[in-house]
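Peer 1: Let me begin by handing over the structure; questions about it come next.
The values are calculated or read from the model by the stated rules, or taken from the named source; none is laboratory data. Every value quoted in this text rests on a predicted model; they were computed, and no experiment measured them. Note that we place each Cβ from the backbone using ideal geometry, even for glycine, and neighbour counts take in every protein chain shown. Protein only, heavy atoms only, side chains kept; ligands, DNA and RNA dropped before computing areas. Shrake-Rupley method; radii C 1.70, N 1.55, O 1.52, S 1.80 Å.
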Amino acid sequence: MEKQKDTTMQRLIQRVAIVAFLMAGCAPSAEQIKHLMADNPEIIATAIEENPEAVLSAIEKDPERFMAVVNAAAQAARAKAQVEEARREVAKREAEFKDPKQPVLSLDRVYWGQSDAPITIVEYSDFECPYCARGYRTIKDLMAEYGDSVRLLYKHLPLEMHEEALPAALYFEAIALQSDDAARRFHDALYENQAQLRAQGKAWMESIARDLGVDMERLQVDVPSELVRGRVEADMKEAATFGFTGTPGFLINGVSLKGSYPAAAFREIINRHLNAP
């Protein structure tokens, strides 16, 4: 009986550990959760419903030891999931080098860099997202590092949780109808002053546009126009077809990076493209 009780407790701790892993991480990816649930379909129900008395008994008897065991198991589960996720990402990336994704590269959009650059980075981003601000700094450094070898096309994936992200995307595209240079400077101002964007919204964006010499009367007509909104919506649909559900997301000559990766991850892909026979 005692042995059976110990076995039950071990199973329960493992399941609680998996739940702890799911709750402790910063927004685990849908793919991670999918694989975790596929391997352990009973974790949620059993962790809550199976032997609640045993959980309470273990906690009351030695709460520190119980939590230490749970935390250790959670760390092991997290490490295993990270290894599996890395393995899947490597396999997917190899497939994309052979069959790269094909975003629309319209000539009437705003680019950074030379039109004949051998590397095109397409970014799907959100002006209010702090991780996108980190990505902005990384891309800026990479553009300086690689010079004429890299160009950037900025596209939009405003998330619903960010109230000013969609308006900012519309303002950017409306300004772009007047001047690529003004749009690029507007883009930089947004990422370098996200606190003002969040706090002041439309009023602050209009003040920046005015300082950039934008025709404000035309801007007010273009912001809600079908052309501008259509561009943003097309970007969002394209991002979804490539599996980008969070921000930022990048395609480097068709090879994807999901998230705010360090510059080294971009260099690895860029250099492989540049050195390809």
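Peer 1: Given the conditions (1) closer than 20 Å to Phe242 by Cβ; (2) not in a loop (DSSP other than H, G, I, E, B), report the number of the one that Lys101 does not fulfil.
Peer 2: Only one criterion in (1) closer than 20 Å to Phe242 by Cβ; (2) not in a loop (DSSP other than H, G, I, E, B) is unmet by Lys101, namely (2).
Peer 1: If I ask for residues that are open to solvent by 60 Å² or more (accessible area, probe 1.4 Å) and part of a loop (DSSP other than H, G, I, E, B), which ones from the range 237-271 would you list?
Peer 2: Hits for the range 237-271 are Thr245, Tyr261, Pro262.
Peer 1: Looking only at the range 152-190, filter to residues that are in a helix (DSSP H, G or I) and among the acidic types (Asp, Glu); which one of those is nearest to the chain's Cα centre (by Cα)? Write out each step before concluding.
Peer 2: First, the residues of the range 152-190 that are in a helix (DSSP H, G or I): 165-176, 180-190.
Going one step further and asking which of them are among the acidic types (Asp, Glu), we end up with 173, 180-181, 188.
Details: Glu173: 21, Asp180: 26, Asp181: 26, Asp188: 19 Å.
Ranking the qualifying residues of the range 152-190, first place goes to Asp188.
Peer 1: Before we move on, is Leu107 part of a strand (DSSP E or B), without any contact (Cβ under 8 Å) to a residue 60 or more places away in the chain and of a type outside the set (Ser, Thr, Tyr)?
Peer 2: Values: part of a strand (DSSP E or B): no; without any contact (Cβ under 8 Å) to a residue 60 or more places away in the chain: yes; of a type outside the set (Ser, Thr, Tyr): yes.
Considered against the rule, which asks whether it is part of a strand (DSSP E or B), without any contact (Cβ under 8 Å) to a residue 60 or more places away in the chain and of a type outside the set (Ser, Thr, Tyr), Leu107 comes out as no.
Peer 1: Now a separate question. List the pairs whose first member sits in the range 119-133 and is open to solvent by less than 10 Å² (accessible area, probe 1.4 Å), whose second member is small (Gly, Ala, Ser), and whose Cβ atoms are under 6 Å apart, counting only residues at least 6 apart or on separate chains?
Peer 2: Matching pairs, first to second residue: Ile119/Ser149; Tyr124/Ala239; Tyr124/Gly249; Asp126/Ala165; Phe127/Ala165; Phe127/Ala168; Cys132/Ser125.
Peer 1: Just to check your reading of the model, which residue among Leu274, Leu212, Leu177, Leu197 is open to solvent by 30 Å² or more (accessible area, probe 1.4 Å), of a type in the set (A, V, I, L, M, F, W, C) and in contact with an Asp or Glu (Cβ under 6 Å, 6 or more places away or on another chain)?
Peer 2: Leu177
Peer 1: Taking the condition of being open to solvent by less than 20 Å² (accessible area, probe 1.4 Å), among the β-branched types (Val, Ile, Thr) and over 15 Å from Glu164 (Cα atoms), how many residues in the range 215-236 meet it?
Peer 2: Here the count works out to 1.
Peer 1: Taking interchain pairs and intrachain pairs at least six residues apart, which have beta carbon atoms under 8 angstrom, with the first residue in the range 165-177 and hydroxyl-bearing (Ser, Thr, Tyr) and the second open to solvent by less than 10 Å² (accessible area, probe 1.4 Å)?
Peer 2: Final answer for the pair search is Tyr171/Phe186; Tyr171/Met205; Tyr171/Ala209; Tyr171/Leu219.
Peer 1: Within the range 74-104, how many residues are small (Gly, Ala, Ser), touching a residue at least 40 places away in the same chain (Cβ under 8 Å) and exposed (fewer than 15 other Cβ atoms within 10 Å of the Cβ)?
Peer 2: 1
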